[in-house]
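In what follows, a single structure is set out as structure tokens and then discussed.
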Amino acid sequence: TARILAKAVNCLSPQDGEPCDKCRMCTAVNEGRALDLVEIDAASNRGIDDIRSIREKAGYSPTEGKYKVYVLDEAHMLTGPAADAFLKTLEEPPPHVIFILATTDPQKLTGTIVSRCQRYDFRRVDMDGMAGMLARICEAEGMQAEPAALRAIARNADGSMRDAESILEQAVTSFGSPLTQEQVRLLLGLTADERVRQLVGQVLQGQTPEALTTLSAIAAEGLNLRQLHRQMVDEVRDLLLIKAGAGQMASMPQDTVREQAQF
């Protein structure tokens, strides 16, 4: 998103605020050679000396475009002194400079920095929307994938479209096309839904010996137990939602878990 914004502010032929993606400025950003786009990993460049260097270089005019765009990734990793040193520049930035602070933990940013920025929060993508986007990507790339396989990827991505695309790329690279649900499960170390459902049912019914036997068998197969735990939590969540009359919020089709919702 930061790169798209960098393209938009420097695009030579913007269309309703959107970059044309064809001019030399947009092409330079796409190819990673834009001199006026500076990406900095704040996790490894987090000290006061690094910020002083940014402040000094920010004073120079852009090389090609109208704006020089600095992207600080994981901005919450800046040290306290570095954040303090950055404040003056954020308060009175040069007219040709745009700072973009990207972070996965905005609550860790100091209040003084947050108060000097425009804040945009990204929301999780819902599972149906993500599965639909993955299907469109497959169609555009000439790949075939089972809807159940794409849904398994979307569920595992936990609201992150970037993670979903990465998993899809790994799966297609490993197994090719067409992509099946079983192949996705193998890639991610997922336990089959029916096994998860069986284990949850045994736990809910107090069948401790049977549950331990099932768990031991799953572990012996080398499946990821962390993933199993996550799948079980999702399964119980769906059961509770259906039992509470909010089945439309369940991540799995209601008919696949409705039987166990009678506990």
Residue match in the stretch 29-50 (condition: farther than 17 Å from Cys117 by Cβ, surrounded by 13 or more Cβ atoms within 10 Å (Cβ to Cβ), in contact with a Gly (Cβ under 6 Å, 6 or more places away or on another chain) and of a type outside the set (Gly, Ala, Ser)): yes
Test result for Arg123, basic (Lys, Arg) and over 18 Å from the mean Cα position of the chain (by Cα): no
Any chance Lys66 is open to solvent by 40 Å² or more (accessible area, probe 1.4 Å), touching a His at 6+ places or on another chain (Cβ under 9 Å) and more than 15 Å from Ala6 (Cα to Cα): no
Hits in the stretch 168-203 - residues which are over 21 Å from the mean Cα position of the chain (by Cα), of a type outside the set (Val, Ile, Thr) and part of a loop (DSSP other than H, G, I, E, B): Gly176, Ser177, Pro178, Ala192
Selection from the stretch 69-86 of residues that are open to solvent by less than 30 Å² (accessible area, probe 1.4 Å) and over 17 Å from Asn10 (Cβ atoms): Leu72, Ala75, His76, Leu78, Ala82, Ala83, Ala85, Phe86
Residues of the stretch 2-28 satisfying the condition of being charged (D, E, K, R) and either open to solvent by 100 Å² or more (accessible area, probe 1.4 Å) or within 15 Å of Thr63 (Cβ to Cβ) (or both): Arg3, Asp16, Glu18, Lys22, Arg24
Criterion violated by Ala58 - all others in (1) within 30 Å of Gln248 (Cα to Cα); (2) surrounded by 15 or more Cβ atoms within 10 Å (Cβ to Cβ) satisfied: (1)
Unique match (being surrounded by fewer than 16 Cβ atoms within 10 Å (Cβ to Cβ), β-branched (Val, Ile, Thr) and within 29 Å of Leu223 (Cα to Cα)) among Thr191, Thr112, Thr173: Thr173
Residue ID - least open to solvent (accessible area, probe 1.4 Å), chosen from residues in the stretch 204-226 that are in contact (Cβ under 8 Å) with a residue 24 or more places away in the chain and under 17 Å from Arg237 (Cα atoms): Leu204
Residue match in the stretch 38-60 (condition: of a type in the set (Val, Ile, Thr) and touching a residue at least 60 places away in the same chain (Cβ under 8 Å)): no
Residue in the stretch 82-97 that is out of contact with any Gly (no Cβ under 6 Å at 6 or more places or on another chain) and of a type in the set (Val, Ile, Thr) present: yes
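The values are calculated or read from the model by the stated rules, or taken from the named source; none is laboratory data. Note that the structure is predicted; figures quoted are calculated from it, not measured. As a convention, Cβ positions derive from the backbone with ideal geometry for all residues, glycine included, and neighbour counts pool all protein chains shown. Please note that ligands, DNA and RNA were not included when accessible areas were found on the heavy atoms of the full protein model with its side chains. Shrake-Rupley method; radii C 1.70, N 1.55, O 1.52, S 1.80 Å.
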